[in-house]
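The structure appears below as structure tokens.
The values are calculated or read from the model by the stated rules, or taken from the named source; none is laboratory data. Worth saying up front: this structure is predicted, and the values here are computed from it rather than measured. Note that we place each Cβ from the backbone using ideal geometry, even for glycine, and neighbour counts take in every protein chain shown. Surface areas here come from the heavy atoms of the whole protein model, side chains and all, with no ligands, DNA or RNA. Shrake-Rupley method; radii C 1.70, N 1.55, O 1.52, S 1.80 Å.
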Amino acid sequence: MSNILVCKNYKITDHSKWYDDRTNEENLVDNYIKMQDLCVKSAQENIIDLDTVKIFTGEADNIRDVFKKNFFEIYELWQEGHNILYADLDVVFTQPVNYFSDYNHFAMFNFTDPPRTTDEHYNLVFDHYFNCGIRYYPEEMDQSIWDKGIQMMENWNPERWDSEQIIYNAMLWSQEDVSPQDVWKPQLAYQMLLDPTTTSGNSINKNFNKIDHTQAGAIHVHGSRGSKNRLDLMQALLDGTLEPVQDEVLYL
């Protein structure tokens, strides 16, 4: 059994099939290659008990097809008997973090934006809607959790850009012994939604995560909101040169 970090970096033919058309985003592919380098290097330095890194690559027509392919790629790897931590390429690990020894259930670790949602296609209501950019699949997680995800994947909702995230939340909250208090750990999946070097961005990030980014060991910078500035943000976080605007913040 190994402790594996999994990422994905597919060549996508059509970047328009997403919630935002990224066809004309400058240097998009190169930016994500650089993000991959930063993500992997920082993971190797900061994820406790990490044995190896696996990057899934290939070609796909659109990002939704990548989501579907990678679901089953991870499932097949898990069937070999491994603990698997998944991270999007726009995640950077800034200080030591431990995933592999603390959880025996499928886990995600922080809310997304919006923090609650409904889905008519699957007839689901999520009072706690978590971000799927960082996910942990322990070797001992129950097969029934995978079965639920597989069933939903085969009934994919084409109307939502975040169908993948809906499916992973359904898997997360189908575990009877898992509560939001068990898995909410923003230090393991800090959501840097906005540029922290602006007053409003810094305030929104702090209020959303309930902690400052300096208290987190894994930071998701949301590269789909602009790959170049988010790549620069990842580098600044690793270099220790990020200087957020300091203001008084009321934690919600």
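Before moving on, here are some points about what is shown:
- Between Ala236 and Asn104, the distance separating the two model label sites (each 7 Å from Cα on the Cα→Cβ line) works out to 4.3 nm.
- Region 121-252 shape via C-alpha gyration tensor axes, a/c threshold 1.5: prolate
- The chain, relative contact order in percent, only Cα pairs under 8 angstrom and at least six apart counted: 22
- Prolate/oblate/rounded call for the chain, Cα gyration tensor, a/c under 1.5 rounded: rounded
- To the nearest 10, the accessible area of Ile55 is 40 Å² with a 1.4 Å probe.
- Computed over region 39-152: relative contact order in percent, which uses C-alpha pairs under 8 Å that are six or more apart: 30
- Gap separating the Cα centres of region 133-182 and region 51-72, nearest whole Å: 17
- Whole-number D in µm²/s for region 204-244 (Stokes-Einstein; Kirkwood sum over Cα pairs; 20 °C, 1.002 mPa s): 196
- Computed in the context of the full set of protein chains, the accessible area of region 103-159 at 1.4 Å probe radius has 41% of its extent on carbon or sulfur.
- Just so you know, the Rg over Rh for region 43-153 is 0.95, from Cα atoms, with Rh as the Kirkwood radius.
- Heavy-atom accessible area ranking, 1.4 Å probe, most first, across Glu140, Glu159: Glu159, Glu140
- In this simple spin-label model, placing a label point 7 Å from the Cα along the Cα-to-Cβ direction at both Asp30 and Asp177 gives a separation of 5.1 nm.
- Mean separation of Cα contacts under 8 Å (6+ apart) over length of region 91-144, as relative contact order %: 41
- Candidates Asp177, Asp61, Asp88, ranked by Gaussian network fluctuation over the chain, Cα under 10 Å, top entry: Asp177
- Solvent-accessible surface of the chain, taken per residue with a 1.4 Å probe and all protein chains present: 47 Å².
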